[in-house]
């Protein structure tokens, strides 16, 4: 019974979620302040994650001096802390509360792609604003999401409840059949291919000039389903202005002449958006963990 979400071992998780619910009731500007402080605490208490983020930033921004990278690192953890509060907002905030925080641009690109009737892959990346961006878009354009299950079954239970409440459907990562069915039904599917899933599912192509294990799913899914690929990214605006959500025109001539060329193109597109808002990207992920044969690990 220990794996039941309501067993005693998960009471601390539920207590934490209860606190988050309370914080999500506060004014938005207060949540930003609390989130930044939470991020500072996370930075101090998580030397392992700090090391991963430091390594990623030094690899991806070699042109910056140490103090500039340290400032970026501090902003990254502030953004992570705010992201926790944004997750709570996206789970428990009302449409009325959240609608005033969103500035949406490019919805016509999604509608134009859906008019083709083949479905749409909403191409995105792992930014700290991921949860709030998805919730804000879902209020004007329903879509399905790909997700990775969480090891903590209490947290997973809450996550599943929230995602199925606000999104039409949550598709487990790896359920290719489920994703293809959604696309066949002409429903947009949120998809972010910018994490390291190991050598078997990946090819090595550049990301920030580094040979990076990159999944080929975007190319393969687009080829099988004939779905349009519409990039979608969100940005947390300065102060308490809210969020800029941007949908871009569907990628032309995609898939192209090869899976490798497509995957390079996807990496370059995500990299460009990361460079626009580097502090808001998820640098605590071991993006460069899988190395080409014979190359030493970067996080050792």
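The values are calculated or read from the model by the stated rules, or taken from the named source; none is laboratory data. It should be emphasised that the depicted structure is a prediction, and the values quoted were computed from it without experimental measurement. Methodologically, a virtual Cβ is constructed for each residue, glycine included, from the backbone with ideal geometry; neighbour enumeration extends over all protein chains shown.
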(request) Report yes if residue 216 is under 22 Å from residue 130 (Cα atoms) and surrounded by fewer than 21 Cβ atoms within 10 Å (Cβ to Cβ), otherwise no. (result) yes
(request) State all residues of segment 258-300 that are assigned to a loop (DSSP other than H, G, I, E, B), under 18 Å from the mean Cα position of the chain (by Cα) and crowded, with 17+ Cβ neighbours inside 10 Å; if no residue qualifies, say none. (result) 277, 282, 283, 284, 287, 288
(request) Could you please find all residues in segment 190-206 being buried (at least 18 other Cβ atoms within 10 Å of the Cβ) and more than 14 Å from residue 126 (Cα to Cα)? (result) 202, 204, 205
(request) Pick out, from segment 83-181, the helices (runs of 4 or more DSSP H) lying fully within it that include 2 or more residues that are at pLDDT 95 or above and within 18 Å of the chain's Cα centre (by Cα). (result) 130-138
(message) With the condition being in contact (Cβ under 8 Å) with a residue 60 or more places away in the chain, under 16 Å from residue 286 (Cα atoms) and within 17 Å of the chain's Cα centre (by Cα), I'd like the strands (runs of 3 or more DSSP E) fully within segment 192-257 carrying at least 1 qualifying residues.
(response) 202-207
(message) Just the residues that are in a helix (DSSP H, G or I) and either in contact with a strand residue (DSSP E or B) (Cβ under 6 Å, 6 or more places away or on another chain) or surrounded by 15 or more Cβ atoms within 10 Å (Cβ to Cβ) (or both), please, taken from segment 34-54.
(response) 34, 35, 36, 38, 39, 42, 43, 49, 50, 52, 53, 54
